[in-house]
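**Student:** Just dropping this structure here.
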Amino acid sequence: MRYFPRLSLFVLFALLITYAPLRAQVNKDTNLAQGKVITKDSLVKRDTLSKKDSLAKRDSVHVKVSKPVLDAKVEYHARDSIRLDAANRKMYLFGKASVKYQDLELRAAYIEITTDSNIAFARGVRDSGKMIGEPEFHQGSDVFNAETMRYNFKSKKGRINGIYTKEGEGYIHGEKVKKDSNNVMYMKNGTYTTCDLKYDPHFYIAAVRLKVIPHQEVITGPACLVIEGVPTPLAIPFGFFPLETGRHSGILIPSYGESQEQGFFLQNGGYYFGISDHVDMQLRGDIYSYGSWALKDIVTYDTRYKYSGSFNIDYALTKLPEENSSATTDTRNFFITWQHNQDPKANPNSVFMANVNAGGSSYYTYNSYNPSQFLSNTFQSNVTFTQNFPQTPFHLTIDGQHSQNTITKQIQITLPDVSFSVDRIYPAKWFEDNPSLYSSKWYNNISFSITSVASNRINTYDSLLLKPNTLKHMQNGASTNIPIAGNFHLLKYFTLSTAFNFSSIDYLQYNKERDLPSRITPTTDSVVVDTLQGFKMVNTYNASATLTTNVYGMYSLGTTGAIILRQVFYPSIGFSYHPDYSSSRYGYYGQYQTLEKTNVLYSEFQDGIYGGPGLGEQGAINFSLGSNLEMKVRVHTDSGTSYKKIVLLQRVSIGASYNMAADSFAWSGIALAANTTFFKKIAASFSGNIDPYRLRLNGSDTNSLAWTHGTIGHLTSMDLSLSTTLAPATKKPNKDVSTTNNSATTASPYAPLQFTAPDQYMNYTMMHPDFYAPVTIAPWSLSVFYNILYSQTLVPDQQPLTQSITFNGSAQVTKFWYASITSGFDLQSGQFTSTSISAKRDMHCWEMVFTAIPFGFHQSFTVNIHVKASVLQDLKLSRQRDWEDTQQIQQ
């Protein structure tokens, strides 16, 4: 027994040694279950702690601890369990596991971490025969999925099987992938597509070798195009797909084809210049094998919160064969467009805007397939600069204008046109500081304003615009108008509006006319117009007064007053006066004598930019009567009785005038106008003019009034138009019916595929679009415009009446088909006007567009099938037949 104390001490010491590792292991498992942070350094410290302590106690030698292998801590988490294998330095995470290190995050159903090599292996698990929880890797904004993945947190390199990631507008699949420390991925048996179907894309570009540089580019080796799983003969030796955002210079791939009249062609090819973040330029061109060509320069610019716009200049040489000849006709044309818009917040007091459309009259005829362009016969331009002076009534406007008619070839340019204006001023407000002078007196309503304009204008033909003599015929002048007006209330129910207008026109040239005998036949007259240089001022004035009032009338229909008619009349009577400025005391008119001794009066300023003063004295009384008619119908509702208003006539008016100073034809024409809306859908408008004088057999008027012979006169012009726009009404959803019953896919037994197998669902809907059309009416609209015009004519062969119907509509025919049409019909000639039909098919990642002009001068069609994504915009198939190929051009 004497050795019992020593034996007991030995057993106790042995138990302590045995229990310490077990307690350490329990603490480790507890920490892991709580999601604590673990590093290789901490594991090394725990395993060697007792050794270091014993060494330190035995020989006092300090062991140097190695530095951490990783630069940051590794955070891990698992939903089900975490198991640590200390002997093999491994850790296993099960169920929605995730590992985070710096900006990296790896998620998967199963993750295995080797602590001494810093390698993580991730894969999915199979559940009920389906793979779930496949690895998902995040680094910053980059995300990709894979079947299995092995990643080294220290070197940031990895090996990936079955990768799927999105780069820019494209999706990349790879069978085997190596990822380096710069995130560059090298793939074997990779594909690139813009279709977002993960497992069965509609098309892709397959390559044996593929390199992906994130946010920069995708580079492939030999590759071919695969459509619906079928390889096509379309192959390339290498591929380059940029992924960078922003502007980058590069080649613009042209479209190719063949034209019967102009041969093989390449269209819209060129180069794109990404000059800066605010300016870019496209230099494009067309070339045809028979000699035609075109150049197009397109510049766009945009500075946020300041201005934006685009500038295009196009030049084209079109060679077309002459009929029954081997020769060709050369047509040279150019066109310039400029759009400039200033941001309203840039400078509220100074605004510059530009809208320029100018060029050759036949440019769009030969170089456009857009009906809205080649059917336009008028082009207009306007460049305007406006300056407002704060806290003053002054405004300054400088602009240039251009108008061009492609049929008559006439062109008018006004440059510059300077306008200075003063807002309406009430002189009585100048005395607001003295209340005794500023009160509700009649003179408080008197006001005046000032407008001064100076202009230069050229009227010529487009072929003479650049000729030297054109500038000699430029019209110029300046005009100043000062209107003085006042509104006064009389007898409580009447309003009297008075106005006095003073106008002054300044010219630097004027005309003198003289009569000479003709050199060929001396017995006939020949008028010679001489343009003289010199300053001339034309001062005119006129005065007017108008008395107006409103008269209301109410009419009840029936004994109960269920229907009430409400009519408002707007009568007015006025007087206007201006003197006879052809009198010799004004000096504005000249006179010459013909060979027959007849005196001819002419205005010296009739060719001036603002014209000359009116001929003859006017003291006219003006009459007009306007009215509108409404109906109110009693309606019984749950909340009580109310009236529903129905507009019968929005406006109807009649007006005429009588000139007391005229010795003949004192009555003016009777003007009629009306407009209303029927059934809240059909808008109707009418305007016309009636001549109150009798008509001679030769078509000229007599000085005899028609109403003295029992009629009011004859109709000289009339315009009647009806228009409507039809579209389905927006219905509110029925609260009693679930949204599932209202969906488009309920009628189909394949509806569950939308959620369980989206790829199969998409493929089936693409093959059966009519079956999957929505139950409700697809969105559509139809606009119809009917117009009838009448104009009195004395030409025997000219028709006085014209009628036409114009319509345009669009509809979503099925879930993926869209169609639109624009056309019209001339009821007089019995022919269709220019017609354009287009249809579009949404094919998920592709799009097909068909456009046709079935008849007319520009008869043609175009079919275009292209990828939606802009990165593959050159992957398309086009077929077109030009309008030159459908008919012989008549020059």
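The values are calculated or read from the model by the stated rules, or taken from the named source; none is laboratory data. This structure is a prediction, so every number in the text was calculated from the model and none was measured. In this analysis, Cβ positions are derived from the backbone assuming ideal geometry, glycine residues included, and neighbour counts consider all displayed protein chains. In case anyone asks, the SASA skips ligands and DNA or RNA and just uses the protein heavy atoms, side chains included. Shrake-Rupley method; radii C 1.70, N 1.55, O 1.52, S 1.80 Å.
**Student:** Could you order S452, S381 so the one with the most accessible surface comes first? Probe is 1.4 Å.
**Tutor:** Sorted descending by solvent-accessible area, the residues read S452, S381.
**Student:** Spin-label point model (7 Å from Cα, Cβ direction): what's the R514 to R79 distance in nm?
**Tutor:** It is 10.7 nm.
**Student:** While we're looking at this one, here's another question. Counting only protein chains, not ligands or nucleic acids, how are K100, K211 ordered by accessible area (probe 1.4 Å), most first?
**Tutor:** K100, K211
**Student:** Let me ask something else. Treat each spin label as a single point 7 Å out from the Cα along the C-beta direction, and report the Q803 to N864 distance in nm.
**Tutor:** That separation, rounded to one decimal, is 3.9 nm.
**Student:** Report the residues of region 538-552 in range of a label on S452: point 7 Å along Cα→C-beta, backbone N strictly under 18 Å from it.
**Tutor:** Answer for region 538-552: 538-540.
**Student:** Let me ask something else about it. What does the extension gain come out to for L715 and N550, with contour length at 0.36 nm per residue minus their alpha carbon separation?
**Tutor:** Length difference between fully extended and current span is 56.5 nm.
**Student:** Using 19 Å as the cut-off for backbone N distance, which residues of region 603-624 belong to the label zone defined by a point 7 Å from the Cα of Y658 along Cα→Cβ?
**Tutor:** From region 603-624, the list is 617-624.
**Student:** Next question, about the same structure. Taking 0.36 nm per residue of separation and subtracting the Cα-Cα distance, what length does fully extending A327 through F494 add?
**Tutor:** 52.5 nm
**Student:** What net charge do the residues around Y363 carry, taking every other residue with its C-beta under 12 Å from that of Y363, with Lys and Arg at +1 and Asp and Glu at -1? Mind dumping the intermediate values first?
**Tutor:** On the way: positive: K296, R332; negative: D314, D462.
Every neighbour counted, the sum reads 0.
**Student:** Ranked from highest to lowest mean number of other Cβ atoms within 10 Å per residue, what is the order of the peptides 294-302, 564-572, 359-367, 532-540?
**Tutor:** 359-367, 294-302, 564-572, 532-540
**Student:** Here's another thing I want to ask about it. Provide the packing ranking of 267-276, 201-210, i.e. peptides ordered by the mean count of other C-beta atoms within 10 Å per residue, highest first.
**Tutor:** 201-210, 267-276
**Student:** Tell me, in nm to one decimal, what length is gained between S421 and T397 on full extension, where the rule is 0.36 nm per residue of separation less the Cα-Cα distance?
**Tutor:** Taking 0.36 nm per residue and subtracting the Cα distance, the gain is 7.8 nm.
**Student:** Here's something else I'd like to know. Nearest 0.05, what FRET efficiency do F825 and L557 give at R0 = 51 Å with Cβ-Cβ as r? Numbers along the way, then the final one.
**Tutor:** Numbers: r = 41 Å, r/R0 = 0.81.
The pair F825/L557 has a calculated efficiency of 0.80.
**Student:** Then there is this: What list of ³J(HN,Hα) couplings, whole Hz, do you get for region 588-602 from phi and the Karplus terms 6.51, -1.76, 1.60, once you set θ to phi - 60° and write x for glycine and proline?
**Tutor:** These are the phi-based 3J(HN,Hα) values: 9, 10, x, 8, 9, 10, 7, 5, 7, 6, 9, 7, 10, 9, 9 Hz.
**Student:** How much area per residue is accessible in region 560-635 when the probe is 1.4 Å and only protein heavy atoms are counted (Å²)?
**Tutor:** The answer is 50 Å² per residue.
**Student:** Treat each spin label as a single point 7 Å out from the Cα along the C-beta direction, and report the N445 to N459 distance in nm.
**Tutor:** Calculated label separation equals 4.0 nm.
**Student:** What FRET efficiency, computed as 1/(1 + (r/R0)^6) with R0 = 56 Å and r the Cβ-Cβ distance, is obtained for Q260 and T793, rounded to the nearest 0.05? Write out the running numbers ahead of the final one.
**Tutor:** Numbers: r = 43 Å, r/R0 = 0.76.
In this case the efficiency is close to 0.85.
**Student:** On to the next question. Assuming R0 = 60 Å, can you tell me the calculated FRET efficiency for the pair R159 and S289, based on Cβ-Cβ distance, to the nearest 0.05?
**Tutor:** 0.70
**Student:** Any chance you could look up the accessible area of F420 with a 1.4 Å probe, heavy atoms only, rounded to 10 Å²?
**Tutor:** F420 exposes around 80 Å² with every protein chain in place.
**Student:** How much accessible surface area, in Å² rounded to 10, belongs to the heavy atoms of H138 with a 1.4 Å probe?
**Tutor:** 40 Å²
**Student:** Sticking with this one: How large is ³J(HN,Hα), in whole Hz, for each residue of region 153-163 in order, when computed from phi with the Karplus curve 6.51 cos²θ - 1.76 cosθ + 1.60 and θ = phi - 60°, using x for Gly and Pro?
**Tutor:** Once θ is set to phi - 60°, the couplings for region 153-163 become 5, 7, 8, 6, 10, x, 10, 10, 10, x, 7 Hz.
**Student:** In whole Hz and in residue order, list the ³J(HN,Hα) couplings for region 645-656 that follow from phi through the Karplus curve 6.51 cos²θ - 1.76 cosθ + 1.60, θ = phi - 60°; x for Gly and Pro.
**Tutor:** Rounded to whole hertz, the list is 8, 10, 7, 8, 9, 5, 6, 9, 8, 9, x, 7.
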